[in-house]
């Protein structure tokens, strides 16, 4: 096992080095300022940005750390509220097959709509671009959790519900000690998909609304033609995405159970 | 005729217009151990679920100490064939869930002590923190028994409790059931297709014909004094007589049109793993 792991790490590093090499080679022929920046230029920008991640020189010039925090704050609010709503609704639907079937067509219609398509309506109704972005996050993280929760609850083995019925557990106990833990693996799988799509949506939403956030930062740097910053921001977005997913992966392992 | 402690009052059940069993009527005295034997599909587990309050009869009803059963209740606990332990809970928490439900006024400490008592009683001391997935079938059913007994129900409903346990362990756990039941003297209704198990454990054995439209044909008293041990039972003439009687009944029932060889073999106790509900 140990040797295997070492080999995987070696391959991984080699592939990374090869990609960087190809990138550097492909931009090497251009004179400075023309064509895409190479990894060395990006690394230089990254070092500058990471030296002062939280500086604030007014609305159009903030450190990348601040921008990421702004995005994460929006993500947190929209995602947490959406998850609570989705889990509650999913449990209700999962426990009542007739209601599930009645509501399912609407879910199916709403699910494939890009969360960004709602943006004009949100802007028109709440007239606040920051909250409109939060609502976009809400919409993007609602459906996977909702669908997975309902699926998980529908598929709870009847035996567990029988035990709950025989023990005459109160609805709260039944929910907390039987239904939620039984459906937890499915629910967390939904939460994991949701946080991925929410993180994808936030960048686009912030490009539209402007002001703060990593999406706005990318667009602003593009307007400044600062491509090294754009590339570094792209990498940062990817890394944060990995961390968010890893956090939920941990939660999923904690709540997993086998029969 | 006086009304029994647990009265199965002309119960019928049909699914989608097809009768599973029809007009089943018998009584169980307080503290009595009654077993029902029948082929797969005779509806014996369905009858048990009706007694548990998990299903409703199509006609008739079940009356427990003068009150009709309309739903599940803490006065009746079920031990399930597939154990039905919560896989996300430890052994201790599985039993504690039941104890807290049975004694809502008890404090945390008293509940804990009570749970531990039953964990010890079924010989699972040291395995409290394990989850069911880490236990063998036999150990899981010990948790199932501890969970059921810990709530001190008036009636224990055992739904083929040993069917999924390997033959060698089965005997040990049957002995444990007898030991716990001898101390608690709950009224027990068990369904099984294992003839030896029925004779070893029961005061009376109810025989059901094959479904659909199964009927209760007779209830045989087991006049073998307790305590019974497997070793003594083998040479007991009464045991042999009962065993033959029941096996003949099952084989004849199975040889009605539609029965397969597998079912006949299963009724002889040779293929216990192949018969399921």
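The values are calculated or read from the model by the stated rules, or taken from the named source; none is laboratory data. Only a predicted model underlies this, so the values are computations on that prediction, with no experimental measurement involved. When we count neighbours, we look across all protein chains shown, and the Cβ atoms used for this are built from the backbone with ideal geometry, even at glycine.
Out of all the residues in region A:180-205, which are over 14 Å from the mean Cα position of the chain (by Cα) and buried (at least 23 other Cβ atoms within 10 Å of the Cβ)? Once the filter is applied, which keeps residues that are over 14 Å from the mean Cα position of the chain (by Cα) and buried (at least 23 other Cβ atoms within 10 Å of the Cβ), region A:180-205 yields A:183, A:187.
Exactly one residue out of A:242, A:218 is at pLDDT below 95 and away from chain B (no Cβ under 14 Å): that is A:218. Selection of region B:85-94 for residues being more than 7 Å from chain A (Cβ to nearest Cβ) and over 19 Å from residue A:170 (Cβ atoms) yields B:85, B:90, B:91, B:92. Only one of the numbered conditions (1) more than 14 Å from chain A (Cβ to nearest Cβ); (2) under 16 Å from the mean Cα position of the chain (by Cα) is violated by residue B:82, and that is (1).
Each row is one residue, and each column tells you yes or no for (1) assigned to a helix (DSSP H, G or I); (2) at pLDDT below 85.
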{"residue": "B:220", "(1), (2)": "no, no"}
{"residue": "B:226", "(1), (2)": "no, no"}
{"residue": "B:232", "(1), (2)": "yes, no"}
{"residue": "B:240", "(1), (2)": "yes, no"}
{"residue": "B:247", "(1), (2)": "yes, no"}
{"residue": "B:256", "(1), (2)": "no, yes"}
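The residues of region A:42-87 that are touching a strand residue (DSSP E or B) at 6+ places or on another chain (Cβ under 9 Å) and surrounded by 13 or more Cβ atoms within 10 Å (Cβ to Cβ), listed by number, are A:55, A:62, A:63, A:66, A:70.
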